[in-house]
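The structure appears below as structure tokens.
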Amino acid sequence: MRKLLVLALVGLVAQLIDGSLGMAYGLTSSTLLLVAGVAPAAASASVHLAEIGTTLAAGVAHWRFGNVDWRVVTRIALPGAIGAFAGATVLSSISTEAAAPWMAGILFTLGAYLLVRFARPLRTDRVGGRLRGRFLGPLGLVAGFVDATGGGGWGPVATPALLVSGRMEPRKVIGSVDTAEFVVAGAASIGFLIGLGSEGFLLPTVAALLIGGLIAAPLAAWLVRIVPAQLLGAAVGGVIVLTNARTLLRSADLGGPARPAVYALLAAGWLAALVLAVRALRRTRPARVEAADAPPAPAAPALAGVAAASAAPAEPTPRGTPNPR
């Protein structure tokens with residue numbers, strides 16, 4: 001019972017992070033399950049089965065708030081499902097001993113990517129234009145494969161790529177990626193079911209993660225107003241890097257004084273990323289406040305002239321002058 005409560009807490013924390021950043025539910029859950037001793041394939045399978053429920057709830061919420069671009073969803077979800085199914089098949093065929101460093105390596109890389117990304121100012125500007133299918137298709141395929149083999153990675157791969165393109169609002173990027181993840185999680189679960197059988201899913205773990213995620217879904221909207229995404233992303237990236245470094249060092253048989261030196265180096269990098277994130281947050285906050293306090297832009301000259309003409313009183317017609325009809 002105590003273990004299930006801990007897993008529910010893991011799902012709650014992971015969903016809080018995912019709701020604030022638009023990513024990292026699978027990364028956080030899989031990392032903590034691996035630390036708890038769960039086999040890599042079982043961890044990824046259980047996380048993806050739980051994500052079917054959490055992504056469905058998130059997708060419906062995003063749809064109701066108008067945060068979904070269905071054109072992007074349809075063009076990224078199907079390739080993502082193909083990649084996720086292939087990744088689940090690959091991971092199911094690898095032994096636990098071989099899969100552990102592979103999965104830890106993927107999670108470590110994605111955690112380092114989070115550190116680098118959130119150590120810099122977040123880009124929020126938009127550029128006109130539409131995203132093409134030849135960009136969305138390969139992106140979904142790669143993100144789905146990484147997501148299934150690493151136990152997470154759909155958001156960290158797809159969300160930054162769409163944000164960097166500058167052709168979508170950030171809220172629609174997060175909403176579209178979260179909505180498409182429902183299809184990806186379902187395809188990955190089918191792949192794990194074929195490769196591992198029903199015994200590959202730890203159903204009590206799935207239930208605990210799902211309950212925690214559903215409880216955290218409404219709380220995430222409150223958390224995103226309190227904790228800046230800049231700091232939260234850097235903090236989560238450091239946790240993922242340090243926890244998966246433990247598995248990588250163990251698989252490399254690196255011991256003695258080298259292991260503490262590696263941990264010290266990674267901790268120093270994490271601290272540097274947090275400092276840079278704080279500086280980036282301070283640098284961008286005055287600009288955001290100034291933009292929020294700025295008066296609305298004046299009307300266009302032509303429209304202003306029309307408005308002034310319509311608002312001005314009509315001149316009286318002189319006496320004796322016929323009024324044309």
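The values are calculated or read from the model by the stated rules, or taken from the named source; none is laboratory data. Only a predicted model underlies this, so the values are computations on that prediction, with no experimental measurement involved. Counting neighbours? That spans all protein chains shown, and the Cβs are built from the backbone with ideal geometry, glycine included. Only protein heavy atoms, including side chains, enter the accessible area calculation; ligands, DNA and RNA are left aside. Shrake-Rupley method; radii C 1.70, N 1.55, O 1.52, S 1.80 Å.
For the listed peptides 193-199, 179-185, a ranking on the average number of other beta carbons within 10 Å per residue, highest first, reads 179-185, 193-199. Residue ranking by accessible heavy-atom surface, 1.4 Å probe, largest first, among LYS172, LYS3 comes out as LYS3, LYS172.
Relative contact order for segment 137-191: 27 percent, from Cα pairs under 8 Å spaced at least 6 residues apart, divided by residue count.
Per-peptide packing, taken as the mean over residues of other Cβ atoms within 10 Å, places 243-250, 112-119 in the sequence 112-119, 243-250 from highest down. Packing, taken as the mean count of other beta carbons within 10 Å per residue, orders the peptides 209-216, 42-49, 31-38 from highest to lowest as 42-49, 209-216, 31-38.
Ordered from highest to lowest accessible area with the whole protein assembly present and a 1.4 Å probe, ASP69, ASP253, ASP178 read as ASP253, ASP69, ASP178.
Neighbours of PHE65, meaning other residues whose beta-carbon lies under 14 angstrom from its beta-carbon, give a summed charge of 0 when Lys and Arg score +1 and Asp and Glu score -1.
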